[in-house]
Amino acid sequence: MANRTERGAKSVHGRDPQNLVEKIVKHRIYNNLYWKEHCFALNADGLLEKAAKLEAVGGSYGDYRKPTKFICLLLKMLQLAPDMEIVEAFIDQEDFKYVRVLGAFYMRLIGDPLTIYNRLEPLLMDYRKVRVRGLDGSYHISHVDELIDKFLTDDNCFDTMLPRIPPRRVLEANEILQPRISGADIDGDDDDDDDDDDDDTAAHLPVPPPLPPGPAPNAEAGRKRTYEEATEDVEGLD
């Protein structure tokens, strides 16, 4: 039966990889026309080609909760259980953003916490726009980094329950993960380096020569008149 998981695929979190997708969603995918026409006999090479043609991400939509192409390809990826090198190639893909999101979502489902954080957190620097199909069938704009943040912090995404992973702070407290350096911190370090360069430049500028001394002040002109002198001047007027 073509809907069975690839022979030799390892169990994930103690169960069949395809069972990471909700049962009702999985059966809707099996009965979906896109699955039957494009995913039924798909292999790993064809999966990349189909993923490169994606134009949106999402779970299911509409009154009948029709599965999106994205979630269909995710289930096919779980069914094929590709080698980790292929998954990482999806994540490292820079030309096709939807391929990257698909690989990241697959990694979130099957990976261990350390691998998930190490492989997904660098994608928080990817600010490209992506289209997301909502439950009502409409589209809205999100960004790759926003989706990655949801993968790391939410319990449910695209009609799929995400396996629990420890919060980052717990892994940091146990010294399993190093503290993450955000993009803002990197930009701040660059600004500090620029300030240091400016200071170094200013330190090497030539010091202007001192100005020549001006004329000595007139001591007599600058002396204050005494009371007796002022009185003599008044008497002279009389």
What FRET efficiency comes out for the pair Arg4/Arg65, r = Cβ-Cβ distance, R0 = 22 Å, nearest 0.05?
-> 0.40
What are the residues whose amide H is under 5 Å from the amide H of Val130, where those residues sit 5 or more places off or on another chain and H is modelled from the backbone?
-> Ser142, His143, Val144
Inter-site label distance for Lys36 and Asp112 at 7 Å from Cα along Cβ, in nm | 4.2
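Where a number appears in this text, it was derived from the coordinates with a stated rule and is not lab data. In this text the structure is predicted, and so the values were computed from the model without any measurement. Cβ coordinates were reconstructed from backbone atoms using ideal geometry, including for glycine residues, and neighbour counts include every protein chain displayed.
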